[in-house]
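Heads up: the structure comes next, in structure tokens.
The values are calculated or read from the model by the stated rules, or taken from the named source; none is laboratory data. Everything numeric here is computed off the predicted structure, so don't read it as measured data. Cβ sites come from the backbone with ideal geometry, for glycine too, and all protein chains shown count toward neighbours. These area figures cover heavy atoms from the full protein model, side chains too; ligands, DNA and RNA do not enter into them. Shrake-Rupley method; radii C 1.70, N 1.55, O 1.52, S 1.80 Å.
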Amino acid sequence: MASHKHLGSPGWTGPISQDMAGTTPKASAPHPDLPRLGPEDYLDAQDSQSSNSNMTTRELQEYWRTQKCCWKHVKLLFEITSARIEERKVSKFVMYQIVVIQTGSFDSNKAVLERRYSDFETLQKKLLKTFREEIEDVVFPKKHLIGNFTEEMISERKLALKEYLSLLYAIRCVRRSREFIDFLTRPELKEAFGCLRAGQYTKALDILTRVVPLQEKLTAHCPALLVPALCAKLVCYRDLERPAEAFAVGERALQCLQAREGHRYYTPLLDAMARLAYLLGKDFVSLQKRLEESQLRKPALRGFTLKELTVQEYLS
């Protein structure tokens, strides 16, 4: 384990994050605010409960007060603003533009994305497997064999798809489900992480900057779900030699983790933040101390760097 003096040495390369492989805790029953989601999706919300035992009563009260605020429902409005016909060599389909806006205040980070009818159809099939009773009154726009490209049909389907998304979002267990969140964010996140793996950091950042605000709104009940995307932004900023921006987004990621030291990103993130703090002339000592304490509480055989961890996301 590296000491503080190693940080000050020329060409410092340690400490390295501890190996998180094989240390994933067994899944427990999901929090009542996180219904019907698999343990792999909410691992980050459950894997640090043991670390809370080291906190004082006041710290625990403050921690859960913060979590309660995080679970406050963010209301979103869905609009299908336009549609375009796309023709390829062997297919022809309509792409619908979806705009997602947070209600109640001016939203400068409205999300704009495109999905085709088959994407909505796939979402419906997945939701039926898990939420058949919950969505039994939600009408899904029927598929037509002919007339799909007429102006009248496209206008009619735009309204129907808007209503469909609004009705799904009104059902708490659905709007917090992996299926619904993935429908609205996964294609863009998958593209962004693919760009990161290819070393296209500027392009990855551009995509992440557009999709992260939407992901944040959809996962307000469990902020730790935002951590992989935030860490991807950190890696991009750092490799583009923009350390101040990397450090800022890293602070945000640490805030999302709160006291969740068991989270797979916690140790690699602290490691990266300590290095950035040293580079920027900030307080790296406290970050290094947190890192060493975390490694003592949860020793591992081998470490993953933050970059090694992020490039493994969205491979499938």
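Suppose we filter 92, 72 for residues that are modelled with pLDDT under 95 and within 27 Å of residue 225 (Cα to Cα); which single one remains?
Sole residue among the options that is modelled with pLDDT under 95 and within 27 Å of residue 225 (Cα to Cα): 72.
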Cβ contacts < 7 Å: first residue touching a residue at least 40 places away in the same chain (Cβ under 8 Å) and closer than 16 Å to residue 159 by Cα, restricted to segment 137-149; second residue surrounded by 12 or more Cβ atoms within 10 Å (Cβ to Cβ) and aliphatic (A, V, I, L, M), any location; separation 6+ or different chain. Result?
148/94; 149/94
Flag for residue 137 being closer than 25 Å to residue 208 by Cβ and part of a loop (DSSP other than H, G, I, E, B)
no
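Of the residues 254, 208, which is within 30 Å of residue 113 (Cβ to Cβ), modelled with pLDDT of 95 or more and open to solvent by less than 10 Å² (accessible area, probe 1.4 Å)?
208
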Consider residue 99 carefully, then state whether it is at pLDDT 95 or above and touching a strand residue (DSSP E or B) at 6+ places or on another chain (Cβ under 6 Å).
yes
For residue 172, are the conditions met, namely being surrounded by fewer than 18 Cβ atoms within 10 Å (Cβ to Cβ), in the same structural domain as residue 231 (by the TED database) and not hydroxyl-bearing (Ser, Thr, Tyr)?
no
Given the condition outside any helix (DSSP H, G or I) and in contact with a Leu (Cβ under 9 Å, 6 or more places away or on another chain), answer yes or no: does some residue in segment 158-174 qualify?
no
Within segment 122-132, is there a residue that is outside the structural domain of residue 211 (by the TED database), at pLDDT 75 or above, in a strand (DSSP E or B) and open to solvent by 40 Å² or more (accessible area, probe 1.4 Å)?
no
Among the residues of segment 109-117, is any among the hydroxyl-bearing types (Ser, Thr, Tyr), assigned by the TED database to the domain that holds residue 162 and open to solvent by less than 40 Å² (accessible area, probe 1.4 Å)?
yes
When you look at residue 87, is it assigned by the TED database to the domain that holds residue 166, open to solvent by 60 Å² or more (accessible area, probe 1.4 Å) and at pLDDT 95 or above, yes or no?
no
